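One structure is given below, encoded as structure tokens.
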Amino acid sequence: MKGMPSLSFKKSIYEDPEGSLSNWNSSDDNPCSWNGVTCKDFKVMSVSIPKKKLYGFLPSALGSLSDLRHVNLRNNRFFGSLPAELFQAQGLQSLVLYGNSLSGSLPNQFGKLKYLQTLDLSQNFLNGSIPSSTILCKRLRALDLSRNNFTGSLPAGFGASLVSLEKLDLSFNKFDGSIPSDMGNLSSLQGTADLSHNLFTGSIPASLGNLPEKVYIDLTYNNLSGPIPQTGALMNRGPTAFIGNPGLCGPPLKNPCSSVTDGATAPSSIPFLPNNSPPQDSDNNGRKSVKGRGLSKIAVVAIIVSDVIGICLVGLLFSYCYSRVCQRSKNRDGNSYGFEKGGKKRKECFCFRKDESETLSENVEQYDLVALDAQVAFDLDELLKASAFVLGKSGIGIVYKVVLEDGHTLAVRRLGEGGSQRYKEFQTEVEAIGKLRHPNIVTLRAYYWSVDEKLLIYDYIPNGSLATALHGKPGMVSFTPLSWSVRLKIIKGIAKGLVYLHEFSPKKYVHGDLKPSNVLLGQNMEPHISDFGLGRLATIAGGSPTLESNRIASEKPQEIQQKGAPSSEVATVSSTNLGSYYQAPEALKVLKPSQKWDVYSYGVILLEMITGRLPVVHVGTSEMFLVHWIQLCIEEQKPLADVLDPYLAPDVDKEEEIIAVLKIAMACVHSSPERRPTMRHVSDVFNRLAMSSD
């Protein structure tokens, strides 16, 4: 019966929330009328059921549909491995399974699909290497394996065999080895050939220049090294295609290639002579030349006099510069705001501007504003003269909003006094943080170090913290609650920022102190993760903040009424007892931060966004962690309305989406770090959630 293989597909589906397979039944011998099935001459040619939230596994019986040409099951929730039997449908021309949760490796039978033209397995959890039999799929025109966990090198003959490829995307995997030189044979490529975010090593093959000139080759974030070939499609490319490969050099990068000349290790111009035959110059009569006698008295006197004159001139120059700059410092108006001890104005004097010193960041010890970004166009004088307003105080310093004379606004964090012995360590740490560039991470633009003052200068983010946006603060005249769409935008942005920190930052950083007060909201309510690395910088700068003090602010307790709770249930909560509620349980026992700490903290933030409650919930006279309270509500099978932020009542049509986020949150706050997902996994799930809601 033609419908039996298709019915086995239905049996492999555990959840079909939209009833997409409702008319697939055994009483109908002909599957051609079933949803998603296309036939020709009463033969099943296509199974296409995308974006229907189907939850199940792929049955091996699909491979028995000998006339099957197209399978499109993208953006569902299929899990498990790809059945080897699927590749018995040797007439298959397109297999589109992206946006699922498939795992395992590609079967070696893959090479049997000799008519395959489109293969899209992106955004899954597939692993292993690409089968060597892949090169037998010579009709392949589109290959997208991006955002998986594939490893190993590309099969030999990859470029020479797949010459029909028009689209190639292998990005965000763990492919290693060298880029095959025969990839230059892919003359049919169009758009972007994306090999970014992998572990490719070695040099860039010059043969890649043979690709069509309109093809954009993305090699970012690999381990490639050596000069960038300046041939064909590789010529006239900007640096953006090559960033994230520290070993690459030459145009278009600013990192020149070091060249060792043949004469670099050449011997001295004077050949080796025995000790009894010292080198000497003789005239034609055999007499020793004057050159062997040393300097005359007149020459010695002349050198001494010129040295004295030179020293005097240098001294006069420094004296002139010092008096000029100090006089200008004295003439500052009385409105300048000092970041120094006791409110007294600082009068440091500089003879040279920062950009006039060639290796300033390496040689300077103190009293200089060091820019970490080419866009920094202000100096210390301008910073100290600017109007400043206190934005907040915490256990590791005060944050000021600083408005320069040209109207540019910055956020300046003062780390305080002391710690004059660890400048180099501070410099190394702060310059590493200054290299982080992501739309969802606050950018550190510059820093200042002196014996009694340390400043960090950041971009100013205008809409305050997520904590204030969620719960308000004392003295607020009006409070506008966040809609669900805005909350979803924020949690997606935080996830993307954490993925960057964990996987693509120079040292695969851990934030270690993630909480709503450390998430700032931009002009369009986009999130910016702040205070990354602050605890360590404060420690180096002279303070001694512990992990707990990093999580604790020193503001006075404030009364906050839990939304939706009776007026009698008012919790006295301060930031002094909130920080630890975002802390992963294992953080109390393990000193070294883990990325799974951030995942846990992120999960608590998700719960806070859904419920509108603080991370500690007051139930009658007792209190519970928000995490434990949600777990209790789930066990008691309470309706969503009981835990949902009352302000989200108008968004009840998004209930399914909210429940999906709740499930992600509960996975993130699992008590076992090993059972928590990675932030990349979380971000990918949110991307699929966005697609399914389109």
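The values are calculated or read from the model by the stated rules, or taken from the named source; none is laboratory data. Just so it is clear, the structure is predicted and the values come from calculations on it, not from any experiment. As a convention, Cβ positions derive from the backbone with ideal geometry for all residues, glycine included, and neighbour counts pool all protein chains shown.
Beta carbons closer than 7 Å, at least 6 apart along the sequence or on distinct chains, pair a first residue in the stretch 181-206 that is farther than 21 Å from Phe150 by Cβ with a second that is of a type in the set (Val, Ile, Thr) and modelled with pLDDT of 90 or more for Asn185/Val163; Ser187/Val163; Ser188/Val163. Residues in the stretch 426-476 that are polar (S, T, N, Q) and in contact with a Lys or Arg (Cβ under 6 Å, 6 or more places away or on another chain): 1 in all. Answer with yes or no whether Leu102 is without any contact (Cβ under 8 Å) to a residue 40 or more places away in the chain and of a type in the set (A, V, I, L, M, F, W, C). Judged against the criteria, Leu102 is not a match. Scanning the stretch 90-140 for residues that are farther than 30 Å from Met679 by Cβ and outside any loop (DSSP other than H, G, I, E, B) yields a count of 12.
In summary, Ser132 fulfils each of the numbered conditions (1) farther than 26 Å from Leu248 by Cα; (2) surrounded by 20 or more Cβ atoms within 10 Å (Cβ to Cβ); (3) of a type in the set (Gly, Ala, Ser) with the single exception of condition (2). Being within 27 Å of Val499 (Cα to Cα) and modelled with pLDDT under 90 is a description that applies to Lys654.
Rundown of residues vs (1) at pLDDT below 60; (2) assigned by TED's automatic domain parsing to the domain that holds Leu436; (3) surrounded by 11 or more Cβ atoms within 10 Å (Cβ to Cβ); (4) within 21 Å of Leu154 (Cα to Cα), yes/no style:
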{"residue": "Asp194", "(1), (2), (3), (4)": "no, no, yes, yes"}
{"residue": "Pro227", "(1), (2), (3), (4)": "no, no, yes, no"}
{"residue": "Lys291", "(1), (2), (3), (4)": "yes, no, no, no"}
{"residue": "Gly294", "(1), (2), (3), (4)": "yes, no, no, no"}
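Quick one: is Val399 under 30 Å from Arg613 (Cα atoms), surrounded by 17 or more Cβ atoms within 10 Å (Cβ to Cβ) and of a type in the set (A, V, I, L, M)? Judged against the criteria, Val399 is a match. In the stretch 206-228, how many are touching a Ser or Thr at 6+ places or on another chain (Cβ under 9 Å) and charged (D, E, K, R)? Qualifying residue count for the region: 1. Every condition in (1) modelled with pLDDT under 90; (2) closer than 21 Å to Ala432 by Cα; (3) in a helix (DSSP H, G or I); (4) among the hydroxyl-bearing types (Ser, Thr, Tyr) is met by Ser549 except one, and the failing one is (2). The residue of the stretch 38-73 that is nearest to Leu116 (Cα to Cα), among those that are more than 36 Å from the chain's Cα centre (by Cα) and in a loop (DSSP other than H, G, I, E, B), is Arg69.
Within the stretch 141-163, the set of residues being assigned to a loop (DSSP other than H, G, I, E, B), closer than 19 Å to Leu97 by Cβ and of a type outside the set (Lys, Arg) comprises Leu145, Ser146, Asn148.
One residue stands out among those in the stretch 253-264 that are closer than 19 Å to Asn223 by Cβ and modelled with pLDDT under 85: the one that is surrounded by the most Cβ atoms within 10 Å (Cβ to Cβ), which is Leu253. Just one of Ile490, Ile540 is modelled with pLDDT of 95 or more, in the same structural domain as Pro585 (by TED's automatic domain parsing) and not acidic (Asp, Glu); which is it? Criteria check complete, one pass: Ile490. Does Leu162 satisfy the criteria of being in contact with a helix residue (DSSP H, G or I) (Cβ under 8 Å, 6 or more places away or on another chain), at pLDDT 90 or above and within 30 Å of Asn76 (Cβ to Cβ)? Judged against the criteria, Leu162 is a match.
Of all the residues in the stretch 113-158, those that are within 31 Å of the chain's Cα centre (by Cα), within 17 Å of Gln90 (Cα to Cα) and among the polar types (S, T, N, Q) number 1. Within the option set Thr468, Thr409, Thr443, being surrounded by fewer than 20 Cβ atoms within 10 Å (Cβ to Cβ), outside the structural domain of Asp373 (by TED's automatic domain parsing), modelled with pLDDT of 85 or more and not basic (Lys, Arg) holds for one residue only, Thr468. Just one of the listed residues (Ala641, Ala665) is assigned to a helix (DSSP H, G or I) and at pLDDT 90 or above, and it is Ala665. If you filter the stretch 504-517 down to residues that are over 13 Å from Leu436 (Cβ atoms) and assigned to a helix (DSSP H, G or I), you find that the one that is modelled with the highest pLDDT is Pro516. Against the test of being in the same structural domain as Val486 (by TED's automatic domain parsing), of a type in the set (Lys, Arg) and within 23 Å of Pro481 (Cα to Cα), the options Lys654, Lys592 yield a single qualifying residue, Lys654.
Only one of the listed residues (Leu391, Leu383, Leu369) is within 22 Å of Pro462 (Cα to Cα), of a type outside the set (Lys, Arg), at pLDDT 75 or above and not in a helix (DSSP H, G or I). That residue is Leu391. Out of the residues in the stretch 229-251 meeting the condition of being in contact with a Ser or Thr (Cβ under 9 Å, 6 or more places away or on another chain) and assigned to a loop (DSSP other than H, G, I, E, B), tell me which one is surrounded by the most Cβ atoms within 10 Å (Cβ to Cβ). Filtering first and then ranking leaves Phe242. The residue that is surrounded by the most Cβ atoms within 10 Å (Cβ to Cβ), among those in the stretch 196-214 that are in contact with a Leu (Cβ under 7 Å, 6 or more places away or on another chain) and more than 28 Å from Pro506 (Cα to Cα), is Leu211.
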